[in-house]
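What follows is a single structure, written as structure tokens, with notes after it.
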2 protein chains.
Amino acid sequence: MFGMLGKFRSLPGQRDALVALLLECTADMPGCLSYVVALDPADADAIWVTEAWTDEASHAASLAIPAVKQAIAKAMPLIAGVDMHQKTMPVGGYGLAG
Amino acid sequence: MFGMLGKFRSLPGQRDALVALLLECTADMPGCLSYVVALDPADADAIWVTEAWTDEASHAASLAIPAVKQAIAKAMPLIAGVDMHQKTMPVGGYGLAG
């Protein structure tokens with residue numbers, strides 16, 4: 001499996017709008033096993049996204065899905081920065097769809 | 001929802017054993033919506049665990065489950081350190097059981 005884990009910041013006051021965009025198309029991404037969007041309780045602009053995919057190719061393919069491309073295009077202007085971006089190799093757990 | 005995200009290290013050569021212990025009882029934890037164990041591709045001893053729970057109380061209660069307590073007791077001696085531990089507030093996504 002292929003995974004990613006990242007923390008990024010919205011522009012001030014735009015976190016909810018950014019979260020809504022991130023959640024817009026999470027149900028229709030082939031090969032996606034887990035995609036969780038979370039707020040940072042200690043930072044009003046910070047968002048954590050943790051992902052698990054069957055493989056890196058399915059993640060890459062997801063970026064070409066029209067609905068995902070549209071959501072990303074709308075989200076980019078609301079992102080102030082990326083604090084952390086980490087690739088992982090999920091090996092198991094609970095809540096991994098598929 | 002309540003979430004946690006952490007990176008910790010096994011003793012050298014003990015990562016697989018530690019991962020096996022972490023995965024031992026992930027299916028039977030009431031209130032657990034997601035529990036994903038992943039390897040760090042760039043560090044042979046590092047493990048990432050990302051969790052989502054209905055609430056902080058259900059996470060705390062899980063630590064009292066006999067099978068979880070036993071797994072933790074076996075895992076502790078294999079842990080060399082905790083590099084990162086972050087509480088989060090999951091707000092949605094895909095692969096959140098329950």
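The values are calculated or read from the model by the stated rules, or taken from the named source; none is laboratory data. This is a predicted model, so every value here is computed, not measured. We place every Cβ from the backbone using ideal geometry, glycine too, and count neighbours over all the protein chains shown.
Just give me the residues in region B:50-98 being hydroxyl-bearing (S, T, Y) and within 21 Å of A:D16 (Cα to Cα), in sequence order. Break it down stepwise before answering.
Residues of region B:50-98 hydroxyl-bearing (S, T, Y): B:50, B:54, B:58, B:62, B:88, B:94.
Passing the criteria: B:T54, B:T88, B:Y94.
Restricting attention to region A:45-53, does a residue exist that is in contact with a Leu (Cβ under 6 Å, 6 or more places away or on another chain) and within 9 Å of chain B (Cβ to nearest Cβ)?
yes
Can you pull out every residue in region A:2-31 that is surrounded by 20 or more Cβ atoms within 10 Å (Cβ to Cβ), within 12 Å of chain B (Cβ to nearest Cβ) and touching an Asp or Glu at 6+ places or on another chain (Cβ under 7 Å)?
A:F2, A:G3, A:K7, A:R15
When region B:1-29 is examined, which residues are found to be at pLDDT below 95 and either among the polar types (S, T, N, Q) or within 17 Å of B:T54 (Cβ to Cβ) (or both)?
Correct list: B:T26, B:A27, B:D28, B:M29.
If the requirement is being out of contact with any helix residue (DSSP H, G or I) (no Cβ under 9 Å at 6 or more places or on another chain) and part of a helix (DSSP H, G or I), which of these qualifies: B:A27, B:A52, B:A17, B:A42? Can you show your working first?
Numbers: B:A52 fails: part of a helix (DSSP H, G or I); B:A17 fails: out of contact with any helix residue (DSSP H, G or I) (no Cβ under 9 Å at 6 or more places or on another chain); B:A42 fails: part of a helix (DSSP H, G or I).
After ruling out the rest, the residue left standing is B:A27.
Considering only region A:40-47, I want to know if a residue exists there that is over 11 Å from the mean Cα position of the chain (by Cα), under 19 Å from B:L96 (Cα atoms) and in contact (Cβ under 8 Å) with a residue 24 or more places away in the chain.
Start the filter on region A:40-47 by keeping residues that are over 11 Å from the mean Cα position of the chain (by Cα), which leaves A:40-46.
Of the ones still in play, those that are also under 19 Å from B:L96 (Cα atoms) are A:40.
With the extra rule that they be in contact (Cβ under 8 Å) with a residue 24 or more places away in the chain, the set shrinks to A:40.
The answer is yes, given that some residue of region A:40-47 is over 11 Å from the mean Cα position of the chain (by Cα), under 19 Å from B:L96 (Cα atoms) and in contact (Cβ under 8 Å) with a residue 24 or more places away in the chain.
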